[in-house]
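Worksheet: one structure, shown below.
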Amino acid sequence: MSRDISAANAAMAGALAIGAYYMLAKPTPPRRNLEAHADDADADSTATPNTQRKAVIATGIARDHDGSVVVKADPDFDLNLTIFGTVDGLLPRMVVKSKLAVQLFWRCEKVQQVQALYSTLSPPPKHDVGLLQFMNDECDFKMEHADGSFMDHLNFCHEYSHRHFQGHSPRVLFLHSIMGVGTNIFPMGTDKIPKLKGMLTEAEYTHVEAFPSILRLLIGSGLLDELKENRTRLRSLKRLSFHRVIDNMDLTMSAEQFWVHLNYHICHLLDFLPTSCWAYHINQDALFMVFVDLYTFMKEESLIQAEVNLDLTSSTTSTEGTPVTLGSCIARALPNFVKLKLQSKAINKFSAKIGHSLDYTLHFE
């Protein structure tokens, strides 16, 4: 994840830090709460994405921007102001912060190239004002996401889904976190579930209520490994049973719904990919490992329905341009299986705190 810095400081920062060859991308929109008024709702629905998000939205291709961007540590970053503020333990917090506390310095020509592509797109559909009013008045989306604000992340997911997962509602990804975030933040209480359900189609609600659970299963359980172990009978999968994060209620999803749902997760995880140095980060970033594992499995089994392409041609194992912090040094020293185990352990710990079971069953014919 990344945060773009004010363009007004571009020349000075570039000259002092890495020379005038690089410039800062467009500023991150001001941190904000959702607004219920129609005018403000329209403004939120057209909030300008940062450069990395614009690039993947415009092309449907996630790529390593190595050579086009320099990543610097952000000395003002406060983990406690993000959805990851509830992460416990000195070591996990240092590793998470080393990934998130960054500033991006983009090459001028790259920013211009991305903007030219993005400017050719028609505006994304506006959000339903009634839904925004519900989110503002009866939910709590004030917590900052690691890259600007929760709303910036939700808008990216919504717009990408709209443009590249056609035939399926983009509102699912706009609301994917409303019933729980992986770090036990709940923007909405269980008492609001009936009202939310009444505002959505049956298909939308099925995916929205399941999203926090499936995300935890992908990260904190053996679900993906079990799917890979059963490749030869995937077509005989009938349904998946699991537990809803917000209240541990039993849920069931048909196989057809499940494959669609995993496509939503692939689109969602695009917003967590490193900006550059992928060949290096694939051995450092546990969430990146999960994305690659899921994407590879879905592609090999011809289950990808969304337009998601990976460009790996410019990947490098070099650490040039990446911030060197104590957290990043620790991450480099940890073996891959340890990073994945730490991530899984963290998810299991969060679920245990709220009485949520990570048990699931794949039902085959």
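The values are calculated or read from the model by the stated rules, or taken from the named source; none is laboratory data. Source: prediction; values computed, not measured. Counting neighbours? That spans all protein chains shown, and the Cβs are built from the backbone with ideal geometry, glycine included. When the accessible area is computed, the model is the full protein with side chains, heavy atoms only, and any ligands, DNA or RNA have been set aside. Shrake-Rupley method; radii C 1.70, N 1.55, O 1.52, S 1.80 Å.
Quick notes
- Nearest-10 value in Å² for the accessible area of Lys72, using the 1.4 Å probe: 70
- The label-point distance for Gln112 and Thr361, in a model that sets each label 7 Å from Cα toward Cβ, rounds to 6.2 nm.
- Among the listed pairs Lys72/Lys349; Lys228/Lys341; Lys54/Lys349, those beyond 25 Å (Cα-Cα): Lys72/Lys349; Lys54/Lys349
- By average C-beta atoms within 10 angstrom, highest first, the peptides 277-286, 117-126: 277-286, 117-126
- Distance between the stretch 42-110 and the stretch 125-197 - C-alpha centres, whole angstrom: 19
- Within the shell of other residues whose beta carbon sits under 11 angstrom from the beta carbon of Arg239, the net charge comes to -1, with Lys and Arg scored +1 and Asp and Glu -1.
- Heavy-atom accessible surface of the stretch 136-205: percent carbon and sulfur, 1.4 Å: 50
- Hits among lysines - C-alpha to C-alpha of Lys197 under 25 Å, sequence gap 8 or more where chains match: Lys126, Lys142, Lys238
- Taken over the stretch 56-203, the convex hull of the Cα atoms encloses 139 Å³ per residue.
- Within the shell defined by Cβ-Cβ distances under 14 Å, the residues around Ile266 carry a net charge of -4, with Lys and Arg each +1 and Asp and Glu each -1.
- Additional length obtainable on full extension of the chain from Ser241 to Leu91, 0.36 nm per residue less Cα span: 50.6 nm
- Förster-model FRET efficiency, 25 Å R0, Lys349 and Glu301, C-beta, rounded to 0.05: 0.20
- At the residue level, Val95 shows approximately 40 square angstrom of accessible surface with a 1.4 angstrom probe and all protein chains present.
- Dipole check for the stretch 86-164: with +1 at the C-beta of Lys and Arg, -1 at the C-beta of Asp and Glu, and the Cα centre as origin, the magnitude is about 460 Debye.
- Overall shape: oblate for the stretch 167-234, with the ratio a/c of the largest to smallest alpha carbon gyration tensor axis at 1.5 or above and b/c at least equal to a/b.
- The stretch 236-277: C-alpha gyration tensor shape, a/c 1.5 cut-off, then a/b vs b/c: oblate
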